[in-house]
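The block underneath contains the structure these notes are about, expressed in structure tokens.
The values are calculated or read from the model by the stated rules, or taken from the named source; none is laboratory data. Just so we're clear, the structure is a prediction, and the values are computed from it rather than from any experiment. Methodologically, a virtual Cβ is constructed for each residue, glycine included, from the backbone with ideal geometry; neighbour enumeration extends over all protein chains shown.
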Amino acid sequence: MDRIEGGCRCGSVRWRISCERLPRTYACHCLDCQTWSGSAFSQQAIVARQRFECMGQVGRFDLPSADGERISNQFACPVCFTRLYNTNSGRPGLVIVRAGTFDASHQLEVVAHIWTKRKQPWLTLDERCPAWPEGAPQTDLYRLIDVQPVVDPPRA
Ligand SMILES: [Zn+2]
Ligand SMILES: [Zn+2]
């Protein structure tokens, strides 16, 4: 796969990830993700910031964590309000990309579920897929979703 791309619903914003293959994704079933997505859960991939490029103007909303130690920066299309990605001061160098904005979203694999204690009761998860009732330890989650090490992009 030479190009991994995605974008918002209206097409004003497009993004690109320079990776060999599609990243693995995880699902978060917490109430914040339900509210923020307007849906049952969020599904996302985490990629190195150097590999991520966004084309087009994005709107930004910054939200400090309750303890004030981290700031979440949410980026969305200012025209159609599709949520595209976010960064977090607690995860420097990484971009969390909304899985539903991938052009190839139908090919993405979910390899972990977190905050399953808030999961919608009608949703049955594959029991072979690792799941945590609340947040997963970062090392476990990063190993499962294979957060790729930062390397220089190949020269054209
Ligand atoms: Zn848009
Ligand atoms: Zn969540």
(request) Collect the residues in the stretch 93-145 that are of a type in the set (V, I, T) and within 11 Å of T25 (Cα to Cα), keeping them in residue-number order. (result) I96, V97, V110, V111, I145
(request) Being more than 15 Å from the chain's Cα centre (by Cα) and under 23 Å from V147 (Cβ atoms) narrows it down to one of W122, W36, W132, W15, so name that one. (result) W132
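Residues checked against (1) more than 16 Å from ligand 1 (Cβ to nearest atom); (2) surrounded by 14 or more Cβ atoms within 10 Å (Cβ to Cβ):
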{"residue": "G100", "(1), (2)": "no, yes"}
{"residue": "E109", "(1), (2)": "yes, no"}
{"residue": "Q120", "(1), (2)": "yes, no"}
{"residue": "A131", "(1), (2)": "yes, yes"}
(message) Report every pair of residues separated by at least 6 positions or lying on different chains whose Cβ atoms are under 8 Å apart, first residue within the stretch 100-114 and of a type in the set (F, W, Y), second in a strand (DSSP E or B).
(response) F102/I4; F102/E5; F102/G6; F102/A45
(message) Quick test of your reading of the structure: Q57 fulfils all but one of (1) at pLDDT 95 or above; (2) touching a helix residue (DSSP H, G or I) at 6+ places or on another chain (Cβ under 7 Å). Name the failing condition by number.
(response) (2)
(request) Residue by residue through the stretch 1-18, note down the ones that are crowded, with 17+ Cβ neighbours inside 10 Å and away from ligand 1 (no atom under 16 Å from the Cβ). (result) I4, I17
